[in-house]
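The values are calculated or read from the model by the stated rules, or taken from the named source; none is laboratory data. Note that this is a predicted model, so its numbers are computed, not measured. Reconstructed Cβ throughout: ideal geometry from the backbone, glycine too, with neighbour counts over all protein chains shown. Remember, those area values only see protein heavy atoms, side chains included, never the ligands or the DNA or RNA. Shrake-Rupley method; radii C 1.70, N 1.55, O 1.52, S 1.80 Å.
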Amino acid sequence: METMTQNAAVICGVMLAAELTARLCPKDKMLGFVKSLVVLTLLASGAAALLGAEWKLPPLPEAQQEGDSPLEHYVEDQMEQAAAEQWEAYLRGLLAAAGLEAKKILAEVDIGGESSIVLTKAGVRFRFESDAQRARALLENVLGPETAVEVTWDGA
């Protein structure tokens, strides 16, 4: 930062000297051309110094570094809710393809550290026990052993 201050002082000094020299000889075209070249060179040098400078920004406050902001929690909640709704729609379509109609479908999801969305539990409620048994077999085979499947019926 100190180097940039020195560069700016030199640029201002040279531009001032060039302007004073031009005022002494206002009609000399060669002097005006040389003045323009000097000013252009100095401006280019100043721009290069600005672009090449290392800017040290102050560190973020501790609360912002940890990522516990209310906005971040809100976004995570919205993302989790949207993922649960998509899983519920998927389960509804899967059951409809098997000819089953659920009264209620619940999908619980977990968002991992790498923003991976995993279905952890699928809950389905039916009117009849036979539909519940068919749905349990279907969901356990499709979702695998990693996902907890809870199937209930009105009589249970």
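Things to note:
- Note on the stretch 1-30: among residues that are of a type in the set (D, E, K, R) and over 19 Å from Ala47 (Cα atoms), the one that is surrounded by the most Cβ atoms within 10 Å (Cβ to Cβ) is Asp28.
- Scanning the stretch 110-156 for residues that are small (Gly, Ala, Ser) and part of a loop (DSSP other than H, G, I, E, B) turns up Gly112, Gly113, Ser115, Ser116, Gly144, Gly155, Ala156.
- Meets criteria (acidic (Asp, Glu) and open to solvent by 80 Å² or more (accessible area, probe 1.4 Å)) for Glu85: yes
- Annotation: of all residues in the stretch 77-109 being part of a loop (DSSP other than H, G, I, E, B) and aliphatic (A, V, I, L, M), the one that is farthest from Glu150 (Cα to Cα) is Ala98.
- The single condition from (1) at pLDDT 75 or above; (2) in a helix (DSSP H, G or I); (3) exposed (fewer than 12 other Cβ atoms within 10 Å of the Cβ) that Pro58 fails is (2).
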